[in-house]
Structure formats: C-alpha cells, structure tokens
Amino acid sequence: MKKIVILFLAAAFCALSCSKSDYVVYENIPAAFYISESGVVAVDDLLSELPFTVVKGGDAHYTAQVDVVVDTRLIVKYNISNDLNYIPLPQECYTLSESSLNFGEDVKSQQFFVTFVGEQIAALDKGSYAVALALESDNAVVNSEKGYVLLLIEK
C-alpha cells in the first residue's frame, strides 16, 4: 500500500510539473527595434555594400516607421571610452539605400545597405574615420543597446 501511495504522489507531481511551461508567452508587448549586426564593425572592404538588418521584436502586429540617422555623438562616446581619435567620415563618402523603413503589421525585418564612394574616400587624408548610424522612431521603441552601428575605417 505504501508503494502505491508513493507511486501515486510521484505521478501527481510529474503531471503538475509537466503542465507548467518554461516559457512565458507575453502578449501586447510594444515593438522594440534593433539592428541585428549592431555594435562596432571594422570595415575592411570599401568596395562592397554592407547589409544591415533592422528587426522588430515584441508584438508582431504593430505598424511603425523607423529612421536610420547619422549620430556623431556615438563617435565621440567611442573615442572617449577607448582613448581614440576617429573622425566622422564625410557624408559624400557613403550612401544609405534607405533612410526610413516602414514596418507593416506582418513585417518583422527589413534591410538597408551602406555603400562607400571609393573616389571620395581616396581623396581623404590618411586617418581613422567612422560612420555612426542609429535608429530613431516617433512611434516605436528602439533598443538602446542594439539600435546603432559604428563603422570604423582605417585609411
């Protein structure tokens, strides 16, 4: 009889513990946008276009507009934190394929490309240059830790 009670308790414990999920499903979480290749990127090949993916996390059924903007404050912060002296790359030295991305309800990611203008870069003095791109939005949340990319170029 004692074995039956122990077996019954063990079965009840298993049934109760298996019914709980290790994952919590959250609904209606506002979208938080980020760049999947975020952070500092050393650019070695100035002849290729660099793809970057903007991802919408959170509630997939959310419409938003996200802008890709130049933010030189990121270069200043990086220089101070690392005791370096990167100079902002002049805007005529690169182009963005998209500066504004519109996310429909079912759109979870979009890409933009950075293309460097070789002849403009060749005309620059030797030095350390950087392009700082950040996401901004008036109607959505941008992940502050992953909402930017800092492209470092050594010439």
request  = Could you tally the net charge around residue 148, taking each other residue with its Cβ under 11 Å from the Cβ of residue 148, Lys/Arg +1 and Asp/Glu -1?
outcome  = -1
query = Roughly how big is the range 45-94's charge dipole about its Cα centre, with Cβ charges of +1 (Lys, Arg) and -1 (Asp, Glu), in debye to the nearest 20?
reply = 180 debye
message = With a 1.4 Å probe and all protein chains left in place, how much accessible area per residue does the range 40-110 have, in Å²?
response = 60 Å²
query = Which of the aspartates and glutamates could be linked to residue 155 by a straight reach, that is with a Cα gap under 20 Å, when you skip same-chain ones fewer than 8 residues away?
reply = 44, 45, 49, 83, 92, 119, 125
task = Treating cross-link reach as a plain straight distance, find the aspartates and glutamates whose alpha-carbon is under 16 Å from the alpha-carbon of residue 56, omitting any fewer than eight places away in the same chain.
result = 27, 37, 67, 105, 106, 136, 138, 145
remark   = Between residue 80 and residue 139, the two model label points (7 Å from Cα along the beta-carbon direction) sit apart by a distance in nm of 3.5 nm
ask   = Within the range 45-64, what residues put their amide N at less than 15 Å from the label point 7 Å along the Cα-to-Cβ vector of residue 100?
value = 64
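The values are calculated or read from the model by the stated rules, or taken from the named source; none is laboratory data. Note that the structure is predicted; figures quoted are calculated from it, not measured. When we count neighbours, we look across all protein chains shown, and the Cβ atoms used for this are built from the backbone with ideal geometry, even at glycine. When the accessible area is computed, the model is the full protein with side chains, heavy atoms only, and any ligands, DNA or RNA have been set aside. Shrake-Rupley method; radii C 1.70, N 1.55, O 1.52, S 1.80 Å.
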